[in-house]
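Notes follow once the structure below has been shown.
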Amino acid sequence: MFMIFKKLDWFFKQYWKRYTFAILALIVASFIDIIPPKLVGMAIDEIQFDTLTMERIIDLLLLYGALIFLSYTISFLWDYTLFGGAAIMEKLMRTRLMHHFLRMTPTFYSKFRTGDLMAKSTNDLKAIATTTGFGILTLVDSSIFMFMIIVVMGFTISWKLTLVALIPLPIMAIVMHKYGSIIHERFMKAQASFSDMNNEVLESIRGVRVIRAYVQETQDEKRFNDMTEDVYQKNLEVAKVDALFEPTMKILVGLSYTIGLGYGTTLVFQNAITLGELVSFNVYLGMLIWPMFAVGELINVLQRGNASLDRVNETLTYPNDLDQPKYDKHAKSILSPNNIIFKTLSFTYPGSEVQSLTNVNLEVLKGQTIGIVGKTGAGKTTLLKQLLREYPGRKGTLTISGVPIEEFSIDQTRAWIGYVPQDQVMFSKTIRENIQFGRTNATDKEINRVMEMASFLDDINNLPQGLDTKVGESGVTLSGGQKQRVALARAFIKDPEILLLDDALSAVDGKTEAMIINHLKNDRQGKTTFITAHRMSAVQHADTIVVLHEGKVIEMGPHQDLIDTNGWYSRQYKLQQVVEQGEVS
């Protein structure tokens with residue numbers, strides 16, 4: 001149960017001053033809180049023996065008032081320091097998670113669903129933060145504060161009465177341990193169920209238009225109701241055990257009260273203790289209620305925190321499957337990339353037995369435009385992703401300026417690249433902010449220039465708020481062609497050394513495509529560009545066109561040479577020309 005503190009020792013070592021001060025202040029405040037019951041007992045004894053004077057009453061009241069003020073001040077300090085530490089823990093863990101998410105490869109995201117990651121970033125982090133705040137409070141109060149009360153009861157009143165009144169404590173320890181084990185198991189299941197529900201909600205929101213188009217609203221609501229019912233039932237199972245803590249503690253505390261009052265009265269009649277001491281003893285028994293409850297709360301909090309930490313650590317310890325670490329300290333660096341050479345390069349996706357690329361040989365000189373075409377699933381996107389270094393499993397070599405790409409840091413290679421994927425990602429911000437994602441300090445003048453390159457100026461002028469138009473969740477307010485051109489502008493404004501356009505012109509018409517290609521030829525002089533496409537017109541201007549079939553290069557060369565060979569490219573180009581001419585006529 002206490003293993004969670006061992007797992008979090010890195011945090012407590014880093015903030016040991018904060019927690020040392022908080023715990024010491026908490027102990028001092030607890031010690032101050034023990035004094036007033038003793039004053040009450042003294043006052044009752046002085047009343048009983050008729051020795052209480054007005055001066056004595058004033059002294060006791062002043063002392064009592066001073067203790068209240070001192071307790072309030074110290075309690076504020078430990079509360080602020082301790083729970084401030086919990087907030088720091090949550091911030092640190094959230095930062096670590098986000099850093100981890102940004103460094104992970106697609107393999108990671110195929111294993112962990114988005115809803116599960118969201119649950120770990122919210123509910124689980126809250127449970128861990130509670131452990132480092134409320135958990136420390138209950139740990140101190142259920143151990144040190146309880147020990148202090150018991151010692152005062154034993155030394156200043158009666159050890160016999162104290163030991164007899166605390167007979168229920170061992171029973172409590174056994175019961176609490178049993179409850180804690182059950183809560184850990186049930187809380188893990190509840191959190192997993194919450195993750196599933198999160199994922200279901202996310203998928204429903206993303207696919208709401210498809211759900212409506214297929215009239216699946218009722219079925220989706222039923223699925224969601226089933227998920228929420230499962231979450232409810234599993235959390236209800238946790239709540240059932242939770243609900244046992246308080247009545248169990250009340251029974252045991254009530255038993256202590258009964259024993260203490262019955263045996264204490266006997267000791268008063270025997271003159272072993274005074275009436276004032278019996279009153280003080282019962283006040284101390286009342287003060288023991290919270291430390292006893294704290295034992296139950298401590299077990300509850302630690303078990304929840306431990307379960308959540310295990311879930312979060314499962315994510316944080318998932319390794320980056322790219323073989324980069326050995327190069328991190330001694331990564332090579334060059335000012336800008338020159339020639340790019342793929343030599344007998346083969347690639348298989350993790351978990352697959354089918355090669356997506358086989359013995360690809362390609363030399364790209366700085367400033368060249370490379371067109372990549374082929375049937376769906378031929379390996380076009382996979383070839384581009386070798387430059388992005390998203391997956392392990394590559395065989396052969398890929399060099400930039402004669403240096404194997406693995407010997408550069410990932411940050412450097414990706415800093416050279418501007419990437420427009422097949423599925424454009426739009427952030428729920430304005431068009432200006434989406435384009436500035438490529439370069440945060442870009443001015444409106446520069447934005448207008450790249451929008452012209454992406455043939456988006458006419459569209460922006462027709463939008464109600466121009467550049468300040470919000471695109472909505474995932475760009476829902478934009479058409480497919482508009483999203484594609486905003487994504488192009490975002491890549492253009494970065495002015496990258498290597499531009500990867502992965503079927504990035506598929507949603508625009510032939511005239512718009514020709515305008516964008518013309519801008520690319522004029523503005524990308526001296527810089528390398530890769531274009532994958534299904535329309536041959538998008539790549540016919542390229543210096544070299546690569547034709548892929550089942551991951552293999554079956555044709556390569558400039559447009560006219562490929563036309564003359566009368567191969568796949570030539571047949572596909574002529575077929576598309578016939579279709580386009582038919583559409584025009």
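So how far apart, in nm, are the two label points at LYS470 and ASP458 if each is 7 Å from Cα heading toward Cβ?
Taking the two extended label points, one gets 2.9 nm.
About its Cα centre, what dipole magnitude does the chain give when the only charges are +1 on Lys and Arg Cβ and -1 on Asp and Glu Cβ, stated in debye to the nearest 20?
In debye, rounded to 20, the chain gives about 1200.
To make sure I understand the rule: partners must be lysines, Cα under 21 Å from the Cα of LYS527, and not fewer than 8 residues away in the same chain. Which ones qualify?
LYS366, LYS380, LYS385, LYS494
Which percentage, to the nearest 5, of the DSSP beta bridges contained in the chain is antiparallel? Could you put the intermediate results ahead of the total?
On the way: 19 of 38 bridges.
Taking every DSSP beta bridge within the chain, about 50 percent pair in antiparallel fashion.
Pop a pseudo-label 7 angstrom from the Cα along the beta-carbon direction at both TRP10 and ALA415 and give the gap in nm to one decimal.
Those two pseudo-labels are separated by 2.6 nm.
Among all the lysines, which ones have a C-alpha under 17 Å from LYS429's C-alpha, if same-chain residues fewer than 8 places away are not counted?
Within the straight-line cut-off, LYS429 pairs with LYS470, LYS483.
Tell me the volume per residue, in Å³, of the convex hull enclosing the alpha carbons of region 422-495.
Given the Cα convex hull of region 422-495, per-residue volume reads 77 Å³.
Could you tell me which residue out of ALA173, ALA119, GLY510 lies farthest along the dipole of the chain toward its positive end? Charges go on the beta carbon: Lys and Arg +1, Asp and Glu -1, centred on the Cα centre.
Result: GLY510.
Relative contact order for the chain: what percent, with Cα pairs under 8 Å and sequence separation of 6 or more?
Values: 790 pairs, mean separation 84.1, N = 585.
Relative contact order for the chain comes out at 14 percent.
Could you give the length gained on full extension between ILE205 and HIS99, defined as 0.36 nm per residue of separation minus the Cα-Cα distance, in nm?
35.6 nm
Structure shown: which of LYS375/LYS521; LYS375/LYS574; LYS343/LYS552; LYS189/LYS240; LYS7/LYS126; LYS111/LYS375 lie over 19 Å apart, alpha-carbon to alpha-carbon?
Pairs exceeding 19 Å: LYS375/LYS521; LYS111/LYS375.
Find which of GLY262, LEU63, GLN191 sits farthest along the positive direction of the dipole of the chain, computed with +1 on the beta-carbon of Lys and Arg, -1 on that of Asp and Glu, about the Cα centre.
Value computed over the given set: GLN191.
What is the extension gain from ASP523 to ASN313, computed as 0.36 nm multiplied by their sequence separation minus the C-alpha to C-alpha distance, in nm to one decimal? Don't skip to the answer; put the middle values down first.
Values: separation 210, 0.36 × 210 = 75.60 nm, distance 4.73 nm.
Difference between extended and current length: 70.9 nm.
Suppose R0 equals 22 Å. What FRET efficiency, 1/(1 + (r/R0)^6) with r the Cβ-Cβ distance, do PHE155 and VAL40 give to the nearest 0.05?
Taking R0 as 22 Å, the efficiency between PHE155 and VAL40 is 0.80.
For the residue pair THR440 and MET556, what label-to-label distance in nm results when each label sits 7 Å from Cα along the Cα-to-beta-carbon direction?
4.0 nm
Using 1/(1 + (r/R0)^6) with R0 = 35 angstrom and r between the beta carbons of THR218 and TYR109, what's the FRET efficiency to the nearest 0.05?
Efficiency, from the Cβ-Cβ distance: 0.70.
Work out the charge dipole of the chain with +1 on the Cβ of Lys and Arg and -1 on the Cβ of Asp and Glu about the Cα centre, then indicate which of GLY438, GLY374, ILE74 is farthest towards its positive end.
Looking along the dipole axis, the top candidate is GLY374.
Going by C-beta contacts inside 10 Å, put MET118, MET227 in order with the fewest on the left. Before the final figure, lay out the partial values.
Numbers: MET118 16, MET227 19.
In order of increasing Cβ crowding within 10 Å: MET118, MET227.
Mind ranking 47-58, 284-295, 504-515 by how tightly packed they are, going by the mean number of other C-beta atoms within 10 angstrom, highest first?
Packing proxy ranking, top to bottom: 284-295, 504-515, 47-58.
Per the helix-only calculation at 222 nm, which mean residue ellipticity applies to the chain, given -39500 (n - 2.57) for every DSSP H run of n ≥ 4 and division by its residues, nearest 500 deg cm²/dmol? Write down the numbers at each step before the final one.
Working: 25 runs with 372 residues, N = 585.
It lands at -21000 deg cm²/dmol.
Using the Karplus curve 6.51 cos²θ - 1.76 cosθ + 1.60 with θ = phi - 60°, what ³J(HN,Hα) values do you get for each residue of region 490-499, in whole Hz, with x for Gly and Pro?
Computed from phi, the couplings for region 490-499 are 5, 6, 5, 5, 6, 6, x, 5, 10, 10 Hz.
Taking 0.36 nm per residue of separation and subtracting the Cα-Cα distance, what length does fully extending PHE427 through THR381 add?
14.3 nm
Computed from the coordinates by the stated procedures, all read-outs in this text should not be read as laboratory data. Keep in mind it's a predicted model, so treat the numbers as computed, not measured. In this analysis, Cβ positions are derived from the backbone assuming ideal geometry, glycine residues included, and neighbour counts consider all displayed protein chains.
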